[in-house]
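*Asks:* The structure under discussion is supplied below as structure tokens; questions concerning it will follow.
The values are calculated or read from the model by the stated rules, or taken from the named source; none is laboratory data. Note that the structure is predicted; figures quoted are calculated from it, not measured. When we count neighbours, we look across all protein chains shown, and the Cβ atoms used for this are built from the backbone with ideal geometry, even at glycine. The accessibility values were calculated without ligands, DNA or RNA, using every heavy atom of the protein model including side chains. Shrake-Rupley method; radii C 1.70, N 1.55, O 1.52, S 1.80 Å.
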Amino acid sequence: MSARIAVLASGGGSNLQALLDHFDRLGGRRAGDIVLVASDRRAAGALERARARGIEASVLPRGDDAALGALLREHGADLVVLAGYLRMVPEAVTRRFEGRMLNVHPSLLPAFGGPGMYGARVHEAVLAAGVRVTGATVHFVDERYDEGAIAAQWPVPVADGDTASSLAARVLRVEHALFPRAVQALASGTLRLEGRRVVGAPSPPRGASFVTTDDDAALTAAIDAAFSPT
Ligand code: GRF
């Protein structure tokens with residue numbers, strides 16, 4: 001039984017596209033289908049990407065907290081995926097989807113997260129702090145912003161001379177490999193939240209040998225391996 005997935009996005013939707021492409025590659029092995037893409041922004045590129053695939057694309061009315069819950073119920077959503085969604089999700093919805101809602105964030109939470117920490121601001125803060133390793137985080141969503149239980153993380157090195165945009169691009173490539181595999185793992189039940197404990201979280205490679213080559217095949221092979229328990 002394929003999980004019915006609703007995706008919420010405010011921006012261009014490259015993470016939505018990565019999920020669509022990953023499910024295409026999985027074909028019959030995919031554990032979910034995207035049945036709805038909703039945005040708080042009428043001009044969001046994510047809505048265009050949904051329409052191009054014949055997926056219901058909805059604009060959420062501003063200030064109407066009940067609308068999102070009703071839309072999710074109307075589409076029978078089993079899982080909710082925040083793919084660059086910048087609004088707070090109403091508490092009634094995060095409670096209803098406890099353990100069934102994931103968000104992707106472009107840093108190694110809890111570092112460089114929380115209200116106002118999104119987009120270039122995250123990478124500017126990473127560079128200003130002088131840390132040598134950042135990364136991508138997929139986490140369960142609860143009512144506290146960016147503080148839900150961690151479902152998956154992957155480290156990304158900060159290169160000498162990095163700008164916020166060069167670092168953002170390197171982290172985004174890792175997001176595009178990590179996030180869809182976390183969504184597939186949640187939809188298939190291999191990744192799940194039990195109380196505050198996450199079962200089935202992937203383990204990144206040990207030490208400084210972490211894989212963030214420019215070779216996408218090496219990166220996706222390493223992340224695939226991390227999700228497939230030996
Ligand atoms: C990504 O960097 C993600 O980590 C953050 O918002 C961005 C979404 O980008 N939550 P896109 O709209 O998926 O291209």
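*Asks:* Quickly run through region 1-33 and pick out the residues that are within 15 Å of the ligand (Cβ to nearest atom) and open to solvent by 20 Å² or more (accessible area, probe 1.4 Å).
*Replies:* Residues satisfying the conditions are Gly11, Gly12, Ser14, Gln17, Asp21.
Per-residue answers, yes or no, for (1) in contact with an Asp or Glu (Cβ under 9 Å, 6 or more places away or on another chain); (2) aliphatic (A, V, I, L, M); (3) open to solvent by 50 Å² or more (accessible area, probe 1.4 Å):
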site	(1), (2), (3)
Val156	no, yes, no
Ala164	yes, yes, no
Val174	no, yes, no
Gln184	no, no, no
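*Asks:* Shifting gears a bit: Between His123, His139, which is assigned to a strand (DSSP E or B) and either open to solvent by 10 Å² or more (accessible area, probe 1.4 Å) or within 12 Å of the ligand (Cβ to nearest atom) (or both)? So that I can check it myself, show each step before the final result.
*Replies:* Numbers: His123 fails: assigned to a strand (DSSP E or B).
Exactly one of His123, His139 is assigned to a strand (DSSP E or B) and either open to solvent by 10 Å² or more (accessible area, probe 1.4 Å) or within 12 Å of the ligand (Cβ to nearest atom) (or both), namely His139.
*Asks:* Let me ask something additional. Does Arg41 qualify as being within 15 Å of the ligand (Cβ to nearest atom), over 23 Å from Asp216 (Cα atoms) and either of a type in the set (Val, Ile, Thr) or at pLDDT 95 or above (or both)?
*Replies:* Spelling it out, Arg41 is indeed within 15 Å of the ligand (Cβ to nearest atom), over 23 Å from Asp216 (Cα atoms) and either of a type in the set (Val, Ile, Thr) or at pLDDT 95 or above (or both).
*Asks:* Residue check, Leu102 against (1) surrounded by fewer than 23 Cβ atoms within 10 Å (Cβ to Cβ); (2) of a type in the set (A, V, I, L, M); (3) touching a strand residue (DSSP E or B) at 6+ places or on another chain (Cβ under 7 Å); (4) under 26 Å from Ala44 (Cα atoms), all met but one. Which one?
*Replies:* Single failed check for Leu102: (1).
*Asks:* Is it the case that region 69-81 has a residue that's at pLDDT 95 or above, surrounded by fewer than 23 Cβ atoms within 10 Å (Cβ to Cβ) and under 18 Å from Leu178 (Cα atoms)?
*Replies:* Yes, some residue in region 69-81 is at pLDDT 95 or above, surrounded by fewer than 23 Cβ atoms within 10 Å (Cβ to Cβ) and under 18 Å from Leu178 (Cα atoms).
*Asks:* Could you list all residues from region 83-112 that are small (Gly, Ala, Ser), away from the ligand (no atom under 15 Å from the Cβ) and over 15 Å from the mean Cα position of the chain (by Cα)?
*Replies:* Taking region 83-112 as the starting set, the residues that turn out to be small (Gly, Ala, Ser) are 83-84, 92, 99, 107, 111.
Applying the additional criterion that residues be away from the ligand (no atom under 15 Å from the Cβ) yields 92, 99.
If the condition is that a residue be small (Gly, Ala, Ser), away from the ligand (no atom under 15 Å from the Cβ) and over 15 Å from the mean Cα position of the chain (by Cα), then Ala92 is the only one that fits.
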